[in-house]
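Please read through the structure below; I'll follow up with questions.
Where a number appears in this text, it was derived from the coordinates with a stated rule and is not lab data. These numbers were taken from a predicted model, which means no experiment stands behind them. Heads up, the Cβs are rebuilt from the backbone with ideal geometry, glycines too, and the neighbour counts pull from every protein chain shown.
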Amino acid sequence: MVGQEEILRDGSPLRRALEADRVPSMIVVGPAGTGKTTLARIIARHTSSHFVALSAVEAGVKEIRAAAAEGRERRALHDAGTILFLDEIHRLNKAQQDYLLPHVEDGTFTLIGATTENPFFSIISPLLSRCRLITLEPLSREDLRVLLDRALGDEEHGLAGMGPDVRDEVLEHIAQFAGGDARLALNALETAVLSTPTDDAGRRPVDMEMARRALDRPVVKYDRAGDEHYDCISAYIKSIRGSDPDAAIYWLARMLEGGEDARFIARRLVIAAAEDVGPADSTSLRVAIAAADAVEYVGLPEAQIPLAQATIHLALAPKSNSAYKAIAEAREEVRREGGGRAPDHLAGGARAGAGDAQYLYPHDYPGGWVRQSYWPEGMEPRRYYEPGDNPRERRIAERLAELRALPARSAGGEATRSDDADGAGNDSDVGGRDA
């Protein structure tokens, strides 16, 4: 089995199970054209159990019920097992997958489910827990080349009887641009050979132009609802966070070529501007929002340009996650301790039984600042925001230090003594303006 030798090597768990004819239920996951059906056929040839193949694209509970009934009868009359191969198993809904559970549990049939999607998202947990997970990797260029050479040399199942004359550079081109998909590579080779007329010697000389036409275009492996969706957006955001604009642009192009929703990309840019750049560059959030607006206004393909501009801006911006950490810590404390009540002098209106404390209107004081508490009654001030180590936040840190060092002032501008170095105190004898 080309490209997946590790799964069936001597001594591997699956190899031992096949040799003992005790195949376990399993979910085989991997991209298209990596050998999921091939593996099922290998198992079918090496087991004494009856092999039933269904596709979830067409099959439902009715077909599964029939396979289960036949499996029970086969076991009762002939003491023979049944293996049910269910291709595209992720297409079954939750209720249909639930129906498989008792039959897998009691051994009515051994299930082999094949899927191109992440099984932890597409397969229900009870079924997944009863199956062994077999993961197939995309085939390498070398693996595809082996398969192409086999096809050219096989007269019974391959193309040898058609007189193909295919140069190495053509095979390398197909292997390189098939995206690890053996089915696509073999189909492209077959199309190229069949589309090439025979020469006087009865040969079919396949050239590069014919190979390019057979492939149409390099294959971009992408699934907007599967692993590629999550992997590419993760690599994109991490490239921005890591200040690598070129890698970020590559992943942006990868997603756009794969048909990703530009609005989804724009939303993630807005999040990254606040989470990873934050106060270190106040323009980044505005740039990201402008790119999101541009996506709505002009759409693709033109929207790729503002998306690229925002991507480069965020990747090159200084980084700080101080805003993300501040709100995360504050919310965690609110969940843990409960929300405090706003004090009387900060309330939105007059309260019955309110004390003498008044809200001090900062604009009535020199510099637009006055020392007073903005915290719930009885709650000690806390510091959630810690400026990051970047030029802008170093200036912010200096500003915070200056404010915390300022003395309290009266309405007339006279400095008064304050015992609260952190700005938590409230000089209730100083007049102010109600909210």
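Once you've got the GNM for the chain with C-alpha springs shorter than 10 Å, pick whichever of Gly378, Gly113, Gly30 has the biggest mean-square fluctuation.
Residue with maximal mean-square fluctuation among Gly378, Gly113, Gly30: Gly378.
Now a separate question. Using 7 Å Cα-to-Cβ label points, what is the Glu296/Ala401 separation (nm, one decimal)?
Calculated label separation equals 4.2 nm.
For the chain, what's the radius of gyration and Dmax over Cα atoms, in angstrom?
Here Rg and the maximum Cα pair distance are 33.2, 108 Å.
Amide H to amide H under 5 Å from Met26: which residues, 5+ apart in sequence or cross-chain, H placed 1.01 Å off N in plane?
The answer is Leu111, Ile112, Gly113, Arg132.
Can you count the Lys pairs in the chain with C-alpha separation below 25 Å, eight or more apart or on different chains?
Taking the chain as the scope, the lysine pair count is 7.
Further question: Using DSSP, restrict attention to beta bridges with both residues in the chain and report what percent are antiparallel, rounded to the nearest 5.
In the chain, DSSP labels about 10 percent of beta bridges as antiparallel.
Considering only Ala17, Ala350, Ala290, give the residue with the highest GNM mean-square fluctuation for the chain, with springs between Cα atoms whenever their separation is below 10 Å.
Largest GNM mean-square fluctuation: Ala350.
Also: Based only on Cα atoms, what Rg/Rh ratio does the range 61-125 have, Rh being taken as Kirkwood's radius?
In the range 61-125, Rg relative to Rh is 0.99.
Let me ask you something else. Under 20 Å from a label point 7 Å along Cα→Cβ of Val2: give me every residue in the range 129-156 with its amide N that close.
136-156
Further question on the same structure: So if I place +1 on the C-beta of Lys and Arg and -1 on the C-beta of Asp and Glu, and nothing else carries charge, what would the dipole magnitude of the range 5-135 be about its Cα centre? I want it in debye, nearest 20.
Here the range 5-135 has a charge dipole of around 80 debye.
Could you list the trypsin sites (Lys or Arg not before Pro) in the range 141-191 that lie in coil according to DSSP, counting only those with at most 15 other Cβ atoms within 10 Å of their Cβ?
Filter output for the range 141-191: Arg167.
Could you give the radius of gyration (one decimal) and Dmax (whole number) of the Cα atoms in the range 227-316, in Å?
For the range 227-316, the Cα-based Rg and Dmax read 11.6, 33 Å.
What is the calculated FRET efficiency for Asp199 to Glu380, with r their C-beta to C-beta distance and R₀ = 56 Å, to the nearest 0.05?
About 0.05, to the nearest 0.05.
Taking the Kirkwood radius as the inverse of the mean 1/r across Cα pairs, report the Rg/Rh of the range 109-182.
So for the range 109-182, dividing Rg by the Kirkwood Rh gives 1.18.
Could I ask something else about it? Can you list residues whose amide H is under 5 Å from Asp165's amide H, if they're 5+ apart or on another chain and H is modeled 1.01 Å from N?
Arg204, Val206
Can I ask one more? Which of the GluC sites (Glu not before Pro) across the range 51-107 are loop residues per DSSP, with 13 or fewer other Cβ within 10 Å?
Listed in order of number, the matching sites are Glu58.
Still on this structure, please answer the following. Measure off 7 Å from each Cα along the Cα-to-Cβ vector at Ala32 and Arg45, then give the distance between these two points in nanometres to one decimal.
It is 2.5 nm.
If you don't mind, there's one more thing I want to ask. Select from Val61, Val334, Val23 the residue whose mean-square fluctuation is largest in a Gaussian network model of the chain (Cα-Cα springs shorter than 10 Å).
Highest fluctuation among the options: Val334.
Can you tell me the FRET efficiency between Arg150 and Asp79 if r is taken as the Cβ-Cβ distance and R0 is 35 Å, rounded to the nearest 0.05?
0.35
Let me have the 222 nm mean residue ellipticity of the chain computed from DSSP H runs of 4+ only, each contributing -39500 (n - 2.57), with the sum over all residues rounded to the nearest 500.
-14500 deg cm²/dmol
Testing the spin-label approximation: label points 7 Å from Cα along Cα→Cβ at Ser129 and Arg72. State their distance in nm.
That separation, rounded to one decimal, is 2.5 nm.
Go through the range 375-389 residue by residue and turn each phi into a ³J(HN,Hα) via Karplus (6.51, -1.76, 1.60, θ = phi - 60°); whole Hz please, and just put x for glycine and proline.
Each residue's phi maps through the Karplus curve to give 10, x, 4, x, 9, 6, x, 10, 10, 8, 8, 10, x, x, 8 Hz.
Another question about this same structure. Can you tell me the FRET efficiency between Ala247 and Arg341 if r is taken as the Cβ-Cβ distance and R0 is 60 Å, rounded to the nearest 0.05?
Calculated value: 0.80.
Full extension from Arg267 to Asp168: what is 0.36 nm times the residue separation minus their Cα-Cα distance, to one decimal in nm?
Taking Arg267 through Asp168 to full extension adds about 31.1 nm, to one decimal.
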